[in-house]
Amino acid sequence: MSDAQFDAVQSGYEAIVEQSISFSGLKHDFFMAAKADLLQNIVARHFETPRALDLLDIGCGVGRLHPHLHGKFASITGSDVSDKSVERARRDNPFASYDTSGPDGLPYADGHFDIALTVCVMHHVPPAEWGAFLKEMRRVVRPGGLAVVIEHNPFHPLTRLAVARCPFDADAVLLSQRRTRREMLAAGFSSVDVQNFLFLPTAAPIARRLERSLAKLPFGAQYAAVGVV
Ligand SMILES: C[S@@+](CC[C@H](N)C(=O)[O-])C[C@H]1O[C@@H](n2cnc3c(N)ncnc32)[C@H](O)[C@@H]1O
């Protein structure tokens with residue numbers, strides 16, 4: 001989907017996603033909370049003081065993840081190719097900063113962030129551009145920082161169903177975790193570790209703990225590939 005198409009859907013973004021996942025009985029926010037929880041867990045394992053870190057969310061869309069991360073980092077910056085999505089994110093989340101990114105890449109200096117995150121964006125990027133996308137992501141993270149790529153598990157039947165029902169995803173090319181890892185290593189990350197999540201349709205703390213113990217099994221609805229710069 002092009003940036004103009006995401007511009008057109010920004011005001012009804014959550015409703016469209018919820019319609020595509022309605023068979024699960026879960027709300028869009030459930031998935032946002034699970035991602036925020038996973039990110040915080042990853043960050044806490046890698047850094048001593050997460051609250052001192054600057055986070056960039058590439059392809060942040062309308063910024064629905066950010067209320068779940070508010071107060072957990074020194075700063076939250078979102079960027080997206082869709083102007084209208086950035087406008088809405090800025091309006092909804094005054095605690096974060098937002099920028100539109102263009103064909104020349106991300107509008108930030110080398111090594112500007114401690115962590116760069118990208119959630120369900122790469123499957124909208126043409127495969128021929130995956131390498132360049134990841135190199136740009138790596139460029140804006142300081143040495144020793146992290147890049148976290150969260151993507152759909154293409155082998156999960158309910159994920160495939162949700163993608164098939166979602167009008168945004170008509171152009172989606174899903175990435176296997178193996179492919180994402182390979183692309184990240186080729187883009188220069190020194191190591192890449194993959195964690196699976198969204199095994200269970202509940203946010204109960206015990207379920208989250210169980211999910212963490214299963215993280216190496218490729219049966220979650222989504223996964224996070226974590227690259228060290
Ligand atoms: C499915 S939405 C995900 C939005 C958000 N990350 C979330 O999880 O709610 C995909 C987003 O990726 C953005 N996007 C697509 N290609 C991009 C690129 N090359 N660079 C930055 N953003 C991109 C789109 O404009 C859209 O907002």
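When the test is whether a residue is surrounded by 16 or more Cβ atoms within 10 Å (Cβ to Cβ), touching a residue at least 40 places away in the same chain (Cβ under 8 Å) and touching a Leu at 6+ places or on another chain (Cβ under 7 Å), LEU26 does not pass it. Has the stretch 130-140 got at least one residue that is touching a Leu at 6+ places or on another chain (Cβ under 9 Å), of a type in the set (Asp, Glu), within 11 Å of the ligand (Cβ to nearest atom) and farther than 13 Å from ASP57 by Cβ? Yes, the stretch 130-140 contains a residue that is touching a Leu at 6+ places or on another chain (Cβ under 9 Å), of a type in the set (Asp, Glu), within 11 Å of the ligand (Cβ to nearest atom) and farther than 13 Å from ASP57 by Cβ.
Rundown of residues vs (1) free of Cβ contacts under 8 Å to residues at least 60 places away in the same chain; (2) surrounded by 15 or more Cβ atoms within 10 Å (Cβ to Cβ), yes/no style:
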{"position": "PHE31", "(1), (2)": "no, yes"}
{"position": "ALA44", "(1), (2)": "yes, no"}
{"position": "GLU48", "(1), (2)": "yes, no"}
{"position": "VAL81", "(1), (2)": "no, yes"}
{"position": "ASP99", "(1), (2)": "yes, yes"}
{"position": "PRO126", "(1), (2)": "yes, no"}
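Residue check: GLY227 meets all listed conditions (1) of a type in the set (Gly, Ala, Ser); (2) buried (at least 17 other Cβ atoms within 10 Å of the Cβ); (3) within 16 Å of the ligand (Cβ to nearest atom) but one, namely (3).
Just to be sure, is GLY111 away from the ligand (no atom under 16 Å from the Cβ), at pLDDT 95 or above, touching a strand residue (DSSP E or B) at 6+ places or on another chain (Cβ under 7 Å) and farther than 26 Å from PHE199 by Cβ? Taking the combined requirement at face value, the residue satisfies it.
Restricting attention to the stretch 155-201 and to residues that are touching a residue at least 40 places away in the same chain (Cβ under 8 Å) and in contact with a Phe, Trp or Tyr (Cβ under 6 Å, 6 or more places away or on another chain), the residue that is nearest to ILE21 (Cα to Cα) turns out to be ASN196. When LEU69 is tested against (1) hydrophobic (A, V, I, L, M, F, W, C); (2) away from the ligand (no atom under 14 Å from the Cβ); (3) within 28 Å of ALA132 (Cβ to Cβ), only condition (2) is not met. When the stretch 9-27 is filtered for residues that are away from the ligand (no atom under 12 Å from the Cβ) and either assigned to a helix (DSSP H, G or I) or β-branched (Val, Ile, Thr) (or both), the ones remaining, listed by number, are SER11, GLY12, ALA15, GLU18, GLN19, ILE21, SER22, PHE23, SER24.
The values are calculated or read from the model by the stated rules, or taken from the named source; none is laboratory data. Given the structure is predicted, the values throughout are model-derived calculations rather than measurements. Heads up, the Cβs are rebuilt from the backbone with ideal geometry, glycines too, and the neighbour counts pull from every protein chain shown.
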